[in-house]
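A quick write-up on the structure given underneath.
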Amino acid sequence: MSESISSRPAADPSRRTSLGTLLRLLARPDVGPVLAMLLVAFFFWAIDSGGVFASPTNVRLMLANAARIAVPALGMTVIIIAGGIDLSSGTALALCSSVLAKMLELEFGWPVAVTACLLTGVGCGLLNGGIISLTGIVPFVVTLGTMSIFLGLANLVTNETSLEPPRSSIPWWLNDLAAARGSSLGFEGKPWFPLGLAVEGLAALLLGIVLYATVFGRRIFAIGSNERTARLCGIPVGLTKTAVYTIGGLFVALGALYQFSFIKQASARDGIGLELQFIAAVVIGGGSLNGGRGSIIGTLAGAMLAAIIESGVVQLGLKSPAKSIVLGAVIIAAVGVDRFRNDPPDWLRRLIRR
Amino acid sequence: MRTDPPSRSSADSSQPPAVRGDDPRGKPILAAQGLGKQFGGTWVLEEVGFDLHPGESLAIVGENGAGKSTLMKILSGAHRADAGRMTLDGRPFDPADPADALARGVAMIYQELSLAPDLSVEDNVMLGQERHRFGWLRRGEQRRKVREVLAVLGYGDLDPRRRVAELSVSVRQMIEIARALAAEARVVIFDEPTSSLTLPDVRRLFAVIDTLRARGVAILYISHFLEEVRRVCESYLVLRDGRQVDSGELSSTDDRRLVASMVGRDVDEFFPRIPHEVGEDRLTLRDLSSIDGPYDVNLTVRRGEILGIAGLVGAGRTELLRALMGLEPASSGSLLLDGKPLGASIAGRIARGLGMVSEDRKSEGLALGLPILENATLGRLRRFSRGGLLLGSERRRTTERLVESFRVRCRGIDQPVGELSGGNQQKVALARLAAQDAEILLLDEPTRGIDVGTKAEIYRRLGAWASEGRSIVMVSSYLPELLGTCDRIAVMSRGRIVAVRPVAEWTEHAILAAAIGGDGSSSDAASDMPPADPRPHSSDGPPR
């Protein structure tokens, strides 16, 4: 075992040439997803004759669409780094946006409604994390269960219909959160940049600091990489996991704000299947379902990749089924390339050897 | 045995030529000449050659990273050689993969057991070689075959329908051997087969190896334990840095020469004694019990002391360490550090100076996917942070200093620990205790699976720690190491401590006798114990 490792050609770290810097940069885990995203974007740009794809409007639209997936996917990234998974995030998102819509409809005012929405998300995450930590049941099963529970709760809140609170109850910022562009320069005190992008960037930055610069963040990686080692090192595993799922829940609630802002209504059905889009963004972004690996930038790129494909396929005049098929193939290809880079499967190894 | 020494080695000129001419065993089963393997332009194995005759047992020894595993992988079909050739029964042998090698009669018993735990014994033995007609299993025929093979191995009473997960490690290993036998293997490769076995199981394994040899099966045996090699093998081949540096008959070499050719220099002081002063009591255990053992342990650990814990596997040694660390809750009794009770939380115990190295590097000791930096500092991240924010540069500086002082061979502190060799991984695990500034160090089999040179480094480190006034509790199954490094040795048996004495009052036999329970049969049992058995073994010894 040791032989095969020592034999790998090692980049000499002492030689700090510009080429070496480039190579080290390329070895970063999040470079793959970013390159994949750029590659796919380049492809659609190259075949687009009308110049529509790369137009500022379309780029902003893609960014806005990506943000709706990226924000909850950021929370999922943390969960996946910690070695977990959250299948309930889709229906939890629907529950959050249902609570938001219900409170707005009942004219509690947006501060109360938004707080209730965020608290619902936190509660969902706390429930997931608490059950997982206390019982030791695998996250897949626990969140499969809560997925159904949250769906039921969302249906209770919405009375199995679609809630559409009056426009007057929606504040300007919530109205604009999922919009592709900001208002024209400082008009009525609103910012000129797309608000949703700013919130997304801020959330990603904060999460990045937590993951890479704090004790808590290092513990998340340690737990995902080897839970028993983490315990041996005195890390409060249960508490940390609970916190991780709670953060996940908070990001789901944030995602619910985007979702609501986008469609201006809420129903329990909206959330079904969303969790798979979040997981897809994390996985395209270099996250490992075995835990211990995942990247903020990667996840952002993963969500953007999905948005680019969606837009590009429409530009090509293809229908929505094509989008699903292409996205599916890209997920497998992205993860496959990443895997082959580190550990090529036997048949490929043999092919190369011949 | 005839060897093909590489031209650069003159070490085995001691080989008597008479052996070649008069070899009564006739033609070799497996022969290799000039084997080489390169990865990414570097040759990790070069110019290795040997002949292996029916019933012969050849030891492959060398430090970690010397190329043993690569050689075994070539022989078992996991890798393809880039140079040289092999013949099996005089015909060219170039297996495409392990299944091909097995089909042709070369079987590998893996260090990491490779069974499907949820399948039955029978299914595991026949895995990949199922008896069937058009895809339909011929259960009756399979079961007959499995029973037959198990009986040969002396496990005739094992029910083939049992799930493998329910069986002990040693029985699982037997199932792997049974798989090889069922495939009519004529060459069986063992890679560190005793590393996870208890002493009685080791004896049983050796008996099985004797049985195999009596049936004409040739054995290739990798081990770090020279005592074991002498018990099992008659000839040897030493690898160092991928090259064959020595080979010959074990009966005509001594351990000193073997170790010298393995490490490339004389290991003068294998157990370096660094003077250290034993001071006042630090850790006190009073009637400490845990549900699954240990039971009623009374023990003190003093400042600057190395306390050894001996005993058979399953005697409760690991459980004792885990209870001290807080990984398993104590059910009764008390645990005091400097006269004050220790709280239940692991973090609290780490803060008061406790630290542990797990016996299982892979599944507990280290987070293999994470870099050295993370692993080394994980035990006390708070030391490298202010208000929850990490002080990156201080953490890196400390880790770099530790990597240097522990002489960890790596590309840099950002290299994942999983890419290091076993010995270097263990150094990282020990470095973590240094980063924690642990004062009570609980070490569970700290030198298991580690090469000779690294072992000596670790012993020196333990002595240095003790001389700094740190206390060390070391669990080990390797008696020479306990006798060579400890100040006192406690022996455990069936979850209890049966004796604690200064090291001068212990011998290997006495420890074994105490570990077995001192029921009179101890000296008899001890004489058969592998670590205590210096006698070279000849191939025509009677199989048991």
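The values are calculated or read from the model by the stated rules, or taken from the named source; none is laboratory data. Since we're looking at a predicted model, the values are computed, not measured. Cβ sites come from the backbone with ideal geometry, for glycine too, and all protein chains shown count toward neighbours. Note: areas computed on protein heavy atoms with side chains; ligands, DNA, RNA excluded. Shrake-Rupley method; radii C 1.70, N 1.55, O 1.52, S 1.80 Å.
Any residue that is of a type in the set (Asp, Glu), outside the structural domain of B:Asp287 (by TED's automatic domain parsing) and farther than 22 Å from A:Ala230 by Cα - is there at least one of those in region B:393-407?
There is at least one residue in region B:393-407 that is of a type in the set (Asp, Glu), outside the structural domain of B:Asp287 (by TED's automatic domain parsing) and farther than 22 Å from A:Ala230 by Cα.
So B:Asp82 ticks every box in (1) more than 14 Å from every other protein chain (Cβ to nearest Cβ); (2) more than 23 Å from B:Leu197 (Cβ to Cβ) but one. Which box is left unticked?
Condition (1) is where B:Asp82 drops out.
Got a sec? Which of B:Val357, B:Val428, B:Val408 is open to solvent by 10 Å² or more (accessible area, probe 1.4 Å) and within 21 Å of B:Ala464 (Cβ to Cβ)?
Sole residue among the options that is open to solvent by 10 Å² or more (accessible area, probe 1.4 Å) and within 21 Å of B:Ala464 (Cβ to Cβ): B:Val408.
Among the residues of region B:359-382, is any touching a residue at least 40 places away in the same chain (Cβ under 8 Å), part of a helix (DSSP H, G or I) and closer than 29 Å to B:Glu280 by Cβ?
For region B:359-382, residues touching a residue at least 40 places away in the same chain (Cβ under 8 Å), part of a helix (DSSP H, G or I) and closer than 29 Å to B:Glu280 by Cβ: present.
Which of the helices (runs of 4 or more DSSP H) contained wholly in region B:435-544 include at least 3 residues that are at pLDDT 80 or above?
Helices (runs of 4 or more DSSP H) meeting the threshold: B:452-467, B:479-485, B:508-516.
Could you list, in sequence order, the residues of region B:116-175 that are among the aliphatic types (A, V, I, L, M) and in contact with a Pro (Cβ under 6 Å, 6 or more places away or on another chain)?
Listed by number, the residues that qualify are B:Val121, B:Val146, B:Val164, B:Ala165.
Condition (residue is free of Cβ contacts under 8 Å to residues at least 60 places away in the same chain, more than 8 Å from every other protein chain (Cβ to nearest Cβ) and either small (Gly, Ala, Ser) or open to solvent by 10 Å² or more (accessible area, probe 1.4 Å) (or both)) applied to region B:314-323: is it met by at least one residue?
Looking through region B:314-323, at least one residue is free of Cβ contacts under 8 Å to residues at least 60 places away in the same chain, more than 8 Å from every other protein chain (Cβ to nearest Cβ) and either small (Gly, Ala, Ser) or open to solvent by 10 Å² or more (accessible area, probe 1.4 Å) (or both).
What number of residues within region A:59-93 are outside any loop (DSSP other than H, G, I, E, B) and touching a Phe, Trp or Tyr at 6+ places or on another chain (Cβ under 7 Å)?
14
Within region B:36-145, which helices (runs of 4 or more DSSP H) (wholly inside it) include 1 or more residues that are buried (at least 20 other Cβ atoms within 10 Å of the Cβ) and of a type in the set (D, E, K, R)?
B:68-76, B:121-126
Which of the following residues is under 16 Å from the mean Cα position of the chain (by Cα) and not charged (D, E, K, R): A:Phe340, A:Phe262, A:Phe278?
A:Phe278
Regarding B:Gly387, is this residue more than 22 Å from B:Ile472 (Cα to Cα), within 24 Å of the chain's Cα centre (by Cα), open to solvent by 40 Å² or more (accessible area, probe 1.4 Å) and within 11 Å of another protein chain (Cβ to nearest Cβ)?
Criteria not met by B:Gly387.
Would you confirm, using the coordinates I've provided, whether A:Arg228 is open to solvent by less than 30 Å² (accessible area, probe 1.4 Å) and either within 11 Å of chain B (Cβ to nearest Cβ) or modelled with pLDDT of 90 or more (or both)?
Spelling it out, it is not the case that A:Arg228 is open to solvent by less than 30 Å² (accessible area, probe 1.4 Å) and either within 11 Å of chain B (Cβ to nearest Cβ) or modelled with pLDDT of 90 or more (or both).
With a cut-off of at least 1 residues that are touching an Asp or Glu at 6+ places or on another chain (Cβ under 7 Å) and surrounded by fewer than 20 Cβ atoms within 10 Å (Cβ to Cβ), name the helices (runs of 4 or more DSSP H) lying wholly within region A:260-354.
The helices (runs of 4 or more DSSP H) meeting that bar are A:296-315, A:320-342.
All but one of (1) more than 8 Å from chain A (Cβ to nearest Cβ); (2) surrounded by fewer than 20 Cβ atoms within 10 Å (Cβ to Cβ); (3) more than 23 Å from B:Arg470 (Cβ to Cβ); (4) over 25 Å from the mean Cα position of the chain (by Cα) hold for B:Leu373, so report the exception by its number.
B:Leu373 satisfies all of (1) more than 8 Å from chain A (Cβ to nearest Cβ); (2) surrounded by fewer than 20 Cβ atoms within 10 Å (Cβ to Cβ); (3) more than 23 Å from B:Arg470 (Cβ to Cβ); (4) over 25 Å from the mean Cα position of the chain (by Cα) except (2).
Could you please let me know if A:Leu26 is out of contact with any helix residue (DSSP H, G or I) (no Cβ under 6 Å at 6 or more places or on another chain), at pLDDT below 65 and open to solvent by 60 Å² or more (accessible area, probe 1.4 Å)?
For A:Leu26, the condition - out of contact with any helix residue (DSSP H, G or I) (no Cβ under 6 Å at 6 or more places or on another chain), at pLDDT below 65 and open to solvent by 60 Å² or more (accessible area, probe 1.4 Å) - is met.
Hey, does region B:421-440 have a residue that's within 10 Å of another protein chain (Cβ to nearest Cβ) and of a type in the set (Ser, Thr, Tyr)?
Within region B:421-440 (the criterion being within 10 Å of another protein chain (Cβ to nearest Cβ) and of a type in the set (Ser, Thr, Tyr)), the answer is yes, since at least one residue qualifies.
Given the condition open to solvent by 10 Å² or more (accessible area, probe 1.4 Å), at the interface with another protein chain (Cβ under 9 Å from one of its Cβ atoms) and hydrophobic (A, V, I, L, M, F, W, C), answer yes or no: does some residue in region B:324-335 qualify?
no
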